[in-house]
1. Scan region 94-104 and give yes if some residue there is more than 26 Å from PHE156 (Cα to Cα), in a helix (DSSP H, G or I) and either open to solvent by 30 Å² or more (accessible area, probe 1.4 Å) or among the small types (Gly, Ala, Ser) (or both), otherwise no.
2. Given the residues MET68, MET1, which is the only one that is surrounded by 19 or more Cβ atoms within 10 Å (Cβ to Cβ) and modelled with pLDDT under 85?
3. So, in region 58-85, how many residues would count as being in contact (Cβ under 8 Å) with a residue 40 or more places away in the chain and under 15 Å from the mean Cα position of the chain (by Cα)?
4. Restricting to region 206-262, count the residues that are part of a loop (DSSP other than H, G, I, E, B), open to solvent by 10 Å² or more (accessible area, probe 1.4 Å), at pLDDT 95 or above and among the aliphatic types (A, V, I, L, M).
5. From the residues in region 17-60 that are in contact with a strand residue (DSSP E or B) (Cβ under 6 Å, 6 or more places away or on another chain) and among the polar types (S, T, N, Q), which one is farthest from GLN178 (Cα to Cα)?
6. Can you tell me which residue in region 125-146 is most open to solvent (accessible area, probe 1.4 Å), limited to those that are among the charged types (D, E, K, R) and not in a helix (DSSP H, G or I)?
7. Going through region 175-197 one residue at a time, which ones are open to solvent by less than 40 Å² (accessible area, probe 1.4 Å) and either under 17 Å from THR69 (Cα atoms) or of a type outside the set (A, V, I, L, M) (or both)?
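The values are calculated or read from the model by the stated rules, or taken from the named source; none is laboratory data. Because the structure is a prediction, the values reported are computed rather than measured. Glycine gets a Cβ as well: all are built from the backbone with ideal geometry, and neighbour counts include every protein chain shown. Heavy atoms of the whole protein, side chains included, go into the accessibility calculation; ligands, DNA and RNA do not. Shrake-Rupley method; radii C 1.70, N 1.55, O 1.52, S 1.80 Å.
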Amino acid sequence: MPFANVDGSKIYYREQGNGAPLVMLLPQSGGPVGVDPFLNALALRFRVITYDQRGTGRSDPVTTSDGMTMMGRSAEIVGLLNTLKIDQAHLCGHSTGCGIGIATTSAAPNRISRLILVNPWSHGDRHLITMQRLRIAAARALDPYRYTWFNASLLFPPMHRREHAADFEQLALEAAPQDANQIEARLEAIIAFDARPLASNLNCPSLVATAADDQLMPAWFGTDLAGLIPDATLLALDGGGHMLPETRGLELAAEISTFLTA
């Protein structure tokens, strides 16, 4: 079982495909389709590396006070690259992973060759604070079944939920109890992070992908970031909600492949 040792903590990672290394920062939440089709499509051209953030999956718990921050998480990326003896890699982040990606590219610019930001946020504005704290309140108040459906209603567009209604229902029925304290720590770290001062100093080509119907991190965040990053390309999709790697995974993989090989 592959583990990277980062500052005394074990981080579980997986690899597939060959080619230029592409590290993925994937969502904590997921739906019935999952991200495998997205990853498999990218693995046809790249060495795709995914991992469990500290405190999730098979990786060790978070042990430091800054471990949940975007800068704290960026050390996981650098440590993983060191373990795999990768001098430089592409980095693709989704949602929370966008903040980690920006922090990593800012802190270790020589290690990231190209950056992809999917469904990002730029800072904790009033909308984001309201939405994330609503999610925290829901995590404390709702049973696992209702919390799973509540999250799905924020993350996925109505048509996708309609097309996969039976599968979403099964996920809700099988949902384990949520850890409200961990959810609060993760979402408050998102609110606290301001990407704007870092974005204007990023020195690598970047692709920013947004969805017009993203309720959680609306498209205005991506538009703002694309305007701040010196060498950024904006990919504005007309739909797909907050979970583009799942709802429009094959299309997104094609756009990322084109960007990375241009």
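1. Within region 94-104, one or more residues are more than 26 Å from PHE156 (Cα to Cα), in a helix (DSSP H, G or I) and either open to solvent by 30 Å² or more (accessible area, probe 1.4 Å) or among the small types (Gly, Ala, Ser) (or both).
2. None of the others qualify; the one that does is MET68.
3. Residues in region 58-85 being in contact (Cβ under 8 Å) with a residue 40 or more places away in the chain and under 15 Å from the mean Cα position of the chain (by Cα): 5 in total.
4. Within region 206-262, residues that are part of a loop (DSSP other than H, G, I, E, B), open to solvent by 10 Å² or more (accessible area, probe 1.4 Å), at pLDDT 95 or above and among the aliphatic types (A, V, I, L, M) number 1.
5. ASN18
6. Only one residue fits best here, namely ASP143.
7. ILE183, LEU187, ALA189, ILE190, ILE191, PHE193, ALA195
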